[in-house]
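Written below as structure tokens is the structure these notes are about.
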Amino acid sequence: MNQPTIVSCPQCGTQVTWGEQSPHRPFCSKKCQMIDFGEWADEENSIPGAPDMSDSDGWSEEQY
Ligand SMILES: [Zn+2]
């Protein structure tokens, strides 16, 4: 009678109960929420014609 609404996590497809127990809905977890956020943030950041940093010798990502 009072069936919970179930949605699929847009990120991993896990069934998520739409309720207070799922604070990150429609995502199953904060992790998936952040992944999704990161994906569209990356798209926003990839501006065509933006200068890359390949010629800056002072910075190396491999230098951990
Ligand atoms: Zn998920």
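Coordinate-derived values only; no laboratory data. Keep in mind it's a predicted model, so treat the numbers as computed, not measured. Don't worry about glycine lacking a Cβ; one is built from the backbone with ideal geometry, like all the others, and counts go over all protein chains shown.
With a simple spin-label model that places each label point 7 Å from the Cα along the Cα-to-Cβ direction, the separation between C12 and I35 comes to 0.6 nm. Among 23-30, 6-13, the peptide with the highest mean count of other Cβ atoms within 10 Å heads the list, and the full ranking is 23-30, 6-13.
Taking amide H as placed 1.01 Å from N in the peptide plane, S8 has its amide H under 5 Å from the amide H of V16, each at least 5 places away in sequence or on another chain.
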